[in-house]
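Here's the structure, in structure tokens; my notes come after.
The values are calculated or read from the model by the stated rules, or taken from the named source; none is laboratory data. Everything numeric here is computed off the predicted structure, so don't read it as measured data. Cβ: placed from backbone, ideal geometry, glycine included. Neighbour counts: every protein chain shown. When the accessible area is computed, the model is the full protein with side chains, heavy atoms only, and any ligands, DNA or RNA have been set aside. Shrake-Rupley method; radii C 1.70, N 1.55, O 1.52, S 1.80 Å.
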Amino acid sequence: MIKSKKNILIIIILILIANGGFSQDNNKVLPSVDIKTIDGKSFNTSSISNDGKPIILSFWSTWCKPCIKELTTIAELYGDWQKETGVKIIIVSVDDSRTTLNVKPFVEGNDWTYEVLLDANSDFKRAMNVNLIPHTFILNGKGQVVWQHTSFTEGSEIELINIIRKIIKGEAIDK
């Protein structure tokens with residue numbers, strides 16, 4: 001009997017620890033990292049904001065086919081999403097110094113209207129613990145990371161807008 005109470009207590013402690021870690025990850029504020037805009041100007045990531053509305057932050061590169069598919073799919077819906085929710089999409093290129101010059105023509109060639117940042121040294125990528133791309137984060141109106149995922153599959157864009165809608169309504173986001 002005492003042994004089972006001990007096991008239950010250990011399980012409760014482990015659940016509390018796991019929930020504490022989960023909450024910290026999901027309310028993480030963006031790190032302060034100096035990177036570049038697509039026009040070559042310095043930009044500090046701590047200044048990313050959207051007037052209290054959600055932000056989608058997507059790490060990508062010009063050589064990543066799933067990234068291009070995701071961003072192309074969302075580009076077709078972005079205008080409607082902005083009208084409905086006010087969401088802003090910022091894409092962070094992790095192309096290295098050899099391919100960074102290709103980013104601006106690539107974005108313009110695809111008629112993407114996203115804000116584009118360049119992380120050629122991968123400093124922001126490391127600070128955000130991005131190991132695979134595409135890696136997409138959703139920030140709430142306070143600039144806190146509330147959701148993230150890697151990869152892209154058909155229908156992922158629907159999940160994204162549904163999460164944005166929940167944030168706008170102040171509803172909980174299921175993981």
Qualifying position, being at pLDDT 95 or above and open to solvent by less than 30 Å² (accessible area, probe 1.4 Å), among ILE133, ILE161: ILE161
Number of the exception - THR99 against (1) modelled with pLDDT of 95 or more; (2) over 21 Å from LEU30 (Cβ atoms): (1)
Residues satisfying the stated conditions in region 71-100, i.e. among the hydrophobic types (A, V, I, L, M, F, W, C), without any contact (Cβ under 8 Å) to a residue 60 or more places away in the chain and either in contact with a Gly (Cβ under 9 Å, 6 or more places away or on another chain) or open to solvent by 10 Å² or more (accessible area, probe 1.4 Å) (or both): ALA75, VAL94
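Of the residues ILE55, ILE74, only one is at pLDDT 95 or above, of a type in the set (A, V, I, L, M, F, W, C), closer than 20 Å to LYS142 by Cβ and out of contact with any Phe, Trp or Tyr (no Cβ under 6 Å at 6 or more places or on another chain); which?
ILE55
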Single unsatisfied condition, PHE152 versus (1) modelled with pLDDT of 95 or more; (2) open to solvent by 10 Å² or more (accessible area, probe 1.4 Å); (3) among the hydrophobic types (A, V, I, L, M, F, W, C): (1)
Checking ILE68 against (1) without any contact (Cβ under 8 Å) to a residue 60 or more places away in the chain; (2) closer than 23 Å to VAL33 by Cβ; (3) open to solvent by 10 Å² or more (accessible area, probe 1.4 Å), the condition it does not meet: (2)
Residue among THR150, THR99, THR113 that alone is out of contact with any Ser or Thr (no Cβ under 9 Å at 6 or more places or on another chain) and β-branched (Val, Ile, Thr): THR113
